[in-house]
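*Asks:* Before I ask anything, here is the structure I am working with.
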Amino acid sequence: MPGREPLSPPEILALSSEEADALLDRLEREVPVSPPLAELPARPFSEAIVFGDTHGDWRSSERVVAEFRGAAEDHILLGLGDYVDRAPDDCEQGSVANALYLLGLVAKYPDRVVLVKGNHELDRWVGVLPHDLPEEVDLLWGPDENRYQRIASLLERGPYAAVSPSGVYFAHGGFPRVERVTEWKSLFGVSDEDLTLDVGWGECGASRARHGAVTPFTEVELVRFLQQSGTRLFLRGHDPDLTGRWVFGDRCLTLHTSRTYERYGGVLYARVPLDRAVDSSGAVRIERLLPAPAKPRSG
């Protein structure tokens, strides 16, 4: 049964410190703690609406959420991580507003909203720069380290990755890199630190960006993991220069849903079938909230 209506980002930004504490109390009661690997159910769901890094751009989050809430009840909303830090200029204190807005949706729809952790939700394991969330919390409600820790803990309740019955693997960055394993799901029984690096910080070798936390995964490594896991496609975020591009034999798609990175490939989300096998990239529909800027013509 759906829970209470979540507060909108402007309502969150207007809260007093006492009201913010009360909201955190409620979210701590209602947001479930996910296993490291979330297995999406085959029924009664037909489609996942999947969004990439929003980075505090709650205006873009609202538009994707409107698509989700306007769809039938057999739809899932799935985020690929990095809900905080680097907010656009028109989303002041956007990390706080975006995080608590999305967590409110998890509380309302615990069976239909999945927030995979990105490296910016895992700052307490491996630090990220910039990390605007602590300062934003203090600016809104006064210095209080505990409020930041509570929001960080709530964001850490999400899974490291998700897998669909239709054969799609979802994570922020990468996948556990273990060559031989009898049961692939046991890969997610490794330590949080290992998962944080491989899954939260994993870089695609097709990207020109380098974060330096781990060695970028290759096409050979991806194909091996997909075979191990019985999946066929990988949807991810993390590397903005790959936004909207299928790489590695059309097996790997990167999504960003933030205007901060609009210049790379637009502001995108995707629709992924859940009720039938996804055998190729053609089964995934890429939707654009905002198109990529036109490239200037030479000469």
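The values are calculated or read from the model by the stated rules, or taken from the named source; none is laboratory data. Keep in mind the model is a prediction, meaning the values are calculated, not measured. All Cβ positions, glycine included, derive from the backbone under ideal geometry; neighbour counts span all protein chains shown.
*Asks:* Among (1) out of contact with any His (no Cβ under 8 Å at 6 or more places or on another chain); (2) within 14 Å of VAL116 (Cβ to Cβ), where does ARG63 come up short?
*Replies:* That leaves (2) as the condition not met.
Let's see how each residue does on (1) under 13 Å from ARG259 (Cα atoms); (2) aliphatic (A, V, I, L, M):
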site: LEU40; (1), (2): no, yes
site: HIS55; (1), (2): yes, no
site: ARG63; (1), (2): yes, no
site: PHE68; (1), (2): no, no
site: LEU78; (1), (2): no, yes
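For every residue, the table says whether it meets (1) at pLDDT below 95; (2) more than 24 Å from PRO165 (Cα to Cα); (3) crowded, with 22+ Cβ neighbours inside 10 Å.
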{"residue": "LEU24", "(1), (2), (3)": "no, yes, no"}
{"residue": "SER46", "(1), (2), (3)": "no, no, no"}
{"residue": "ILE76", "(1), (2), (3)": "no, no, yes"}
{"residue": "LYS108", "(1), (2), (3)": "no, no, no"}
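*Asks:* Let me ask something additional. Does ALA206 count as among the small types (Gly, Ala, Ser) and either out of contact with any helix residue (DSSP H, G or I) (no Cβ under 8 Å at 6 or more places or on another chain) or in a helix (DSSP H, G or I) (or both)?
*Replies:* No.
*Asks:* Please go through (1) out of contact with any Leu (no Cβ under 8 Å at 6 or more places or on another chain); (2) more than 16 Å from SER8 (Cβ to Cβ); (3) surrounded by fewer than 18 Cβ atoms within 10 Å (Cβ to Cβ); (4) aliphatic (A, V, I, L, M) for ALA66 and return the number of the only condition it doesn't satisfy.
*Replies:* Unmet for ALA66, out of (1) out of contact with any Leu (no Cβ under 8 Å at 6 or more places or on another chain); (2) more than 16 Å from SER8 (Cβ to Cβ); (3) surrounded by fewer than 18 Cβ atoms within 10 Å (Cβ to Cβ); (4) aliphatic (A, V, I, L, M): (2).
*Asks:* Which is in contact with a helix residue (DSSP H, G or I) (Cβ under 6 Å, 6 or more places away or on another chain), among the small types (Gly, Ala, Ser) and either under 14 Å from PRO9 (Cα atoms) or surrounded by fewer than 18 Cβ atoms within 10 Å (Cβ to Cβ) (or both), of ALA87, ALA72?
*Replies:* Of ALA87, ALA72, the one residue that is in contact with a helix residue (DSSP H, G or I) (Cβ under 6 Å, 6 or more places away or on another chain), among the small types (Gly, Ala, Ser) and either under 14 Å from PRO9 (Cα atoms) or surrounded by fewer than 18 Cβ atoms within 10 Å (Cβ to Cβ) (or both) is ALA87.
*Asks:* Just give me the residues in region 217-267 being in contact with a Lys or Arg (Cβ under 9 Å, 6 or more places away or on another chain) and at positive phi, in sequence order.
*Replies:* If the condition is that a residue be in contact with a Lys or Arg (Cβ under 9 Å, 6 or more places away or on another chain) and at positive phi, then GLY244, GLY266 are the ones that fit.
*Asks:* Being among the hydroxyl-bearing types (Ser, Thr, Tyr), closer than 18 Å to ALA171 by Cα and more than 13 Å from the chain's Cα centre (by Cα) is the filter here, so list the residues in region 28-87 that pass it.
*Replies:* Correct list: SER34 only.
*Asks:* Further question: Out of all the residues in region 219-229, is one or more in a loop (DSSP other than H, G, I, E, B) and at pLDDT 95 or above?
*Replies:* Within region 219-229 (the criterion being in a loop (DSSP other than H, G, I, E, B) and at pLDDT 95 or above), the answer is no, since none of the residues qualifies.
*Asks:* Does at least one position in region 8-15 carry a residue that is in contact with a Cys (Cβ under 7 Å, 6 or more places away or on another chain) and of a type outside the set (D, E, K, R)?
*Replies:* Within region 8-15, not a single residue is in contact with a Cys (Cβ under 7 Å, 6 or more places away or on another chain) and of a type outside the set (D, E, K, R).
*Asks:* So, of the residues in region 212-238 that are free of Cβ contacts under 8 Å to residues at least 40 places away in the same chain and of a type outside the set (A, V, I, L, M, F, W, C), which turns out to be surrounded by the fewest Cβ atoms within 10 Å (Cβ to Cβ)?
*Replies:* Taking the candidates together, the pick is GLY212.
*Asks:* Next up: Scan region 191-202 and give yes if some residue there is in contact with a strand residue (DSSP E or B) (Cβ under 7 Å, 6 or more places away or on another chain), closer than 27 Å to ARG157 by Cβ and surrounded by 17 or more Cβ atoms within 10 Å (Cβ to Cβ), otherwise no.
*Replies:* So far as region 191-202 goes, yes, one or more of its residues are in contact with a strand residue (DSSP E or B) (Cβ under 7 Å, 6 or more places away or on another chain), closer than 27 Å to ARG157 by Cβ and surrounded by 17 or more Cβ atoms within 10 Å (Cβ to Cβ).
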